[in-house]
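The values are calculated or read from the model by the stated rules, or taken from the named source; none is laboratory data. All of these numbers come straight from a predicted model, not from anything done at the bench. Reconstructed Cβ throughout: ideal geometry from the backbone, glycine too, with neighbour counts over all protein chains shown. Accessible surface is based on the protein model in full, side chains and every heavy atom, while ligands, DNA and RNA are left aside. Shrake-Rupley method; radii C 1.70, N 1.55, O 1.52, S 1.80 Å.
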Amino acid sequence: MKILAERKILRVDNQYDGHWGYEEKLFKSKEHLRKWLSNFHSVDWTGEENINELTLEDLCDYGDWDFREIEEQE
């Protein structure tokens, strides 16, 4: 039997201390994570750019997020 591995993106909240913040969450792709972050931060965004056009790295910097690529076994 062959075990298939699917690459996922793990969102990490750099401010999470076990009591406050968002626990790690898996996303299908970096683009899915980017869209989630732009939607999440749309309520507090004060920049001049359109938040929906920011890069994943820019959104991570803005909200103190990080991400890791992982393989999830099926």
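Each Lys or Arg adds one and each Asp or Glu takes one away; over the other residues whose Cβ falls under 12 Å from the Cβ of LEU37, this sums to -3. Taking all protein chains as they are arranged and a probe of 1.4 Å, the heavy atoms of TYR16 leave approximately 80 Å² accessible to solvent. Length available on full extension from VAL43 to VAL12: 0.36 nm per residue minus the Cα-Cα distance, which gives 9.2 nm. Taking label positions 7 Å along the Cα-Cβ direction at both LYS30 and ASP64, the computed distance is 2.4 nm, reported to one decimal. Taking amide H as placed 1.01 Å from N in the peptide plane, PHE67 has its amide H under 5 Å from the amide H of VAL12, each at least 5 places away in sequence or on another chain. Counting 0.36 nm for each residue step from TYR22 to GLU71 and taking away their Cα separation leaves a gain of 15.5 nm. Solvent-accessible surface of protein heavy atoms, probed at 1.4 angstrom with all chains present, puts GLU6, GLU48 in the order GLU48, GLU6, largest first.
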